[in-house]
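The values are calculated or read from the model by the stated rules, or taken from the named source; none is laboratory data. Note that the coordinates shown come from a computational prediction; the quantities given were computed from them, not determined experimentally. Don't worry about glycine lacking a Cβ; one is built from the backbone with ideal geometry, like all the others, and counts go over all protein chains shown.
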Amino acid sequence: MTELKQAIEQRLIPWFLKNKRSMPWRTKRTPYRVWISELMLQQTRVDQVIPYFNRFMKRFPSLKSLADASQEDVLTMWQGLGYYSRARNLHAAARIIQDERAGRFPESHEEILRLPGVGSYTAAAIGSLAFNMDLAVVDGNVIRVLSRVNAYPRDSGSTAARRELQQIADALLPEGQAGDYNEAMMELGATICLPRNPLCGECPLSSVCLANKSERPMDYPVKAPKKKTPHIVVGAAVVRNRAGKILIAQRRDKDMLGGLWEFPGGKQEPEETIQQCIQRELQEELGIDVEIGEFLITVKHAYSHFTMDMHTYFARIRKGRPRPLECKDYQWVRWEQLRSVPYSKADLYVIEALEEYFKKGGS
Ligand code: SF4
């Protein structure tokens, strides 16, 4: 461990300071910018996050501007980034900081941890990067590096292993250099110690890395066999009225993708055709009886815990007036105005298909 700790201080951190990639949150490092970037980076790649971060900062340059915004505005800036509870949580946290702390960002680890949506990883990241607290972060990249340099033998997804890897990361942290140490470990995992084909020849830790010495880096991190990802089939409808307006519904806050808007529909039940599924779902969600028309698009999308095929059809109301029975709200909009509210990625594909359809003269 001493040898590894030395290599981190003498080789890894200098390598990082020389080679670090340029990222917008690495310049003008304020607690607010670090916090937003860390939330965006959860489960999302750096190259995807950069344009979102820049747009978000332009729209909400300060914590106050974020606290003053509506939830819908925040979700609109987040749309397409996924895991929308992050956006709802950061909005709620901004309001707490604004109302209860006069806009001053919490400066202790315990206070940061109390913010909605901030777990131990994010608190350590904010604490170390914004306030240089001696806290080690352990994300997927760090797990890979630590597993390889130590030839760590346990299933890295288990709680016991996570705890142990956190302890290893804590023990390796050079006092007073937490920010550089954390970023260096993450950068090494993202650019050199790659999941497939790690570039051991270019690695500043190669001489102390046990996986490299045994020439078996790909054996680490050890992972238990994956369970099969469930697949669901969903039916959704683009319901149009006589004025040509389209019916959209807003998901309830407590549901997955809460607060976002959608083309109404839901999961297909066994023994049901997709048309029957759409009719049942629209009856349950909005209290309307619809007639199914032309097919529009099948959207295939992968979420973290399941994959989905969403078959989307045009439809018209046969009976009933929409009521928000199993949704938060609904509205009729012209197709040109569909993008004025936030949607999940799958529904954005439907909007693209619709725009194409209308531009080609569909009626
Ligand atoms: S030597 Fe290879 S396996 Fe070991 S940390 Fe470096 S890149 Fe990863």
Looking at (1) away from the ligand (no atom under 16 Å from the Cβ); (2) assigned by TED's automatic domain parsing to the domain that holds ILE143; (3) modelled with pLDDT under 95, can you tell me which one ALA161 breaks? (3)
Could you please give the count of residues in region 92-116 that are outside any helix (DSSP H, G or I), of a type outside the set (A, V, I, L, M, F, W, C) and more than 18 Å from PHE131 (Cα to Cα)? 1
Looking only at region 200-219, which residues are out of contact with any helix residue (DSSP H, G or I) (no Cβ under 8 Å at 6 or more places or on another chain) and assigned to a loop (DSSP other than H, G, I, E, B)? SER214, GLU215, ARG216
Within region 224-279, residues being assigned to a loop (DSSP other than H, G, I, E, B) and either of a type outside the set (Lys, Arg) or under 18 Å from GLY293 (Cβ atoms) (or both) number 24
Residues GLU183, GLU187: which one is away from the ligand (no atom under 14 Å from the Cβ), within 30 Å of ALA302 (Cβ to Cβ) and either free of Cβ contacts under 8 Å to residues at least 12 places away in the same chain or assigned to a helix (DSSP H, G or I) (or both)? GLU183
If you go through region 127-140 one residue at a time, do you hit one that is under 26 Å from SER22 (Cβ atoms), touching a residue at least 60 places away in the same chain (Cβ under 8 Å), away from the ligand (no atom under 16 Å from the Cβ) and among the aromatic types (Phe, Trp, Tyr)? yes
For region 61-91, give me the residue count where each residue is within 17 Å of the chain's Cα centre (by Cα), small (Gly, Ala, Ser), buried (at least 17 other Cβ atoms within 10 Å of the Cβ) and in a helix (DSSP H, G or I). 1
Could you check, for region 255-263, whether at least one of its residues is buried (at least 20 other Cβ atoms within 10 Å of the Cβ), touching a Phe, Trp or Tyr at 6+ places or on another chain (Cβ under 8 Å) and of a type outside the set (A, V, I, L, M, F, W, C)? yes
Candidates GLU269, GLU175, GLU285 - the one that is loosely packed, with under 13 Cβ neighbours inside 10 Å, more than 16 Å from the ligand (Cβ to nearest atom) and either within 29 Å of THR76 (Cβ to Cβ) or outside the structural domain of PRO324 (by TED's automatic domain parsing) (or both): GLU175
Among the listed residues ASN212, ASN197, identify the single one that is within 16 Å of the ligand (Cβ to nearest atom) and either buried (at least 16 other Cβ atoms within 10 Å of the Cβ) or of a type in the set (Phe, Trp, Tyr) (or both). ASN212
Selection count where residues are within 30 Å of GLU355 (Cβ to Cβ) and among the acidic types (Asp, Glu), scope region 194-245: 0
Any idea which residue in region 215-233 is farthest from THR159 (Cα to Cα), counting only those that are more than 10 Å from the ligand (Cβ to nearest atom) and among the basic types (Lys, Arg)? LYS228
Criterion first (free of Cβ contacts under 8 Å to residues at least 60 places away in the same chain, buried (at least 16 other Cβ atoms within 10 Å of the Cβ), assigned to a helix (DSSP H, G or I) and within 15 Å of the ligand (Cβ to nearest atom)) does ALA169 satisfy it? yes
Criterion: among the β-branched types (Val, Ile, Thr) and in the same structural domain as SER22 (by TED's automatic domain parsing) - qualifying residue of ILE192, ILE246: ILE192
